[in-house]
Amino acid sequence: TPVENDMRLQRDSVTLKELIGGGQFGNVYKAIYHNQETAERIAVAVKVCKLEAEPADTQLILQESSLMRNFRHAHIITLIGVCMEQPMWLVMELASRGELREYLQAEKDWLPLRTLLLFCSQLASALVYLHASRFVHRDIAARNVLVCSPLCVKLADFGLSRALDYDAVYTASRGKLPIKWLAPESVNFRQFSMASDVWMFGVCMWEILSLGTKPWVGVPNADVITHIEQGIRPARPEECPVSLYSFIEKQVWALEAHKRPTIDQVAMVVENVLAQTIEGVEV
Ligand code: ATP
């Protein structure tokens, strides 16, 4: 298709540098992309797709990459292009500060509440954008957020987790669904919707406000849904303003999907709390 042709990059325009990390689809490297048309050289991240990927997967990854390319937002990692020959390379915007969870844990002694709320509001704006495009993300979690600069986070390659069948990705490759992030209807009936994204975003905000702590530590996966159905929710992170926590606890984490706010409403609440917070003090 024309879209796929558009995104084709010549392999010799990309020079791989050091390994940054590994995911289930392959390793990610820092690299330099030399744009022959503009003569620019820019630092990028390249995912080298696993060689053993099935041809069907390759097709899906390609389709999903074209989809990704249509999503342009200040807080979503941009796909720059694809080198199509095997092994396929996905060339994307580089988040030079790496994974959000590690960043939060490393910088926790000085990060002000205001910055944590800023990160939440940036991610909320990315989700407002995706939902306005009728796109349900299904895998919102702090582990899928990257840090570009000290005051800028971005949602990582959201398309690819959907490129393969979601259940197959988690049950076959990872061994388990991300139960501790999922809305109750996703766990019970495999239902995913904008409302289940809102629930997951609540968990993601909780992780950020807890400085990179995972939810439900020490609780077996099998018990989480029972806790939730009994009305138990992760406790208020120490830093989290009471008003924001009670909004997340009572509304974002409403058991029934239809009682949850829309992502637009969540974004507005986060914006308001941010506006009222100066350097770590709620005013
Ligand atoms: P997947 O569901 O695709 O397997 P994953 O989170 O397991 O996702 P990858 O997306 O393959 O892993 O990424 C592996 C690691 O590479 C990430 O955890 C991150 O540290 C790093 N990484 C990925 N994309 C980028 C990027 N655009 N900029 C900087 N680092 C990145």
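The values are calculated or read from the model by the stated rules, or taken from the named source; none is laboratory data. Fair warning: this is a prediction, and the values are worked out from it, not measured in the lab. Backbone-built Cβ (ideal geometry, glycine too); neighbour counts: all protein chains shown. Note: accessible area is taken over every heavy atom of the protein model, side chains too, but ligands, DNA and RNA are not part of it. Shrake-Rupley method; radii C 1.70, N 1.55, O 1.52, S 1.80 Å.
Structure data summary
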quantity	calculated
Scope segment 61-89; condition within 30 Å of LEU211 (Cα to Cα) and crowded, with 21+ Cβ neighbours inside 10 Å; matching residues	MET68, ILE76, ILE77, LEU79
Test: residue in segment 96-107 that is open to solvent by less than 40 Å² (accessible area, probe 1.4 Å), out of contact with any strand residue (DSSP E or B) (no Cβ under 6 Å at 6 or more places or on another chain), at negative phi and modelled with pLDDT of 95 or more	yes
Residue match in segment 76-92 (condition: away from the ligand (no atom under 14 Å from the Cβ) and out of contact with any helix residue (DSSP H, G or I) (no Cβ under 9 Å at 6 or more places or on another chain))	no
Residue list for segment 124-150, restricted to those being within 16 Å of the ligand (Cβ to nearest atom), part of a helix (DSSP H, G or I) and touching a strand residue (DSSP E or B) at 6+ places or on another chain (Cβ under 8 Å)	ALA126, ARG143, ASN144
Considering residues of segment 13-45 that are β-branched (Val, Ile, Thr) and assigned to a strand (DSSP E or B) only, the residue farthest from the ligand (Cβ to nearest atom)	THR15
Any chance LEU117 is away from the ligand (no atom under 13 Å from the Cβ), in a loop (DSSP other than H, G, I, E, B), aliphatic (A, V, I, L, M) and crowded, with 18+ Cβ neighbours inside 10 Å	no
So ARG143, is it of a type outside the set (S, T, N, Q), at pLDDT below 90, within 16 Å of the chain's Cα centre (by Cα) and closer than 20 Å to PRO215 by Cβ	no
Residue under evaluation MET268, criteria (1) open to solvent by 20 Å² or more (accessible area, probe 1.4 Å); (2) in contact (Cβ under 8 Å) with a residue 24 or more places away in the chain, criterion not met	(2)
Residue satisfying condition, being modelled with pLDDT of 95 or more and assigned to a loop (DSSP other than H, G, I, E, B), within set VAL219, VAL153	VAL219
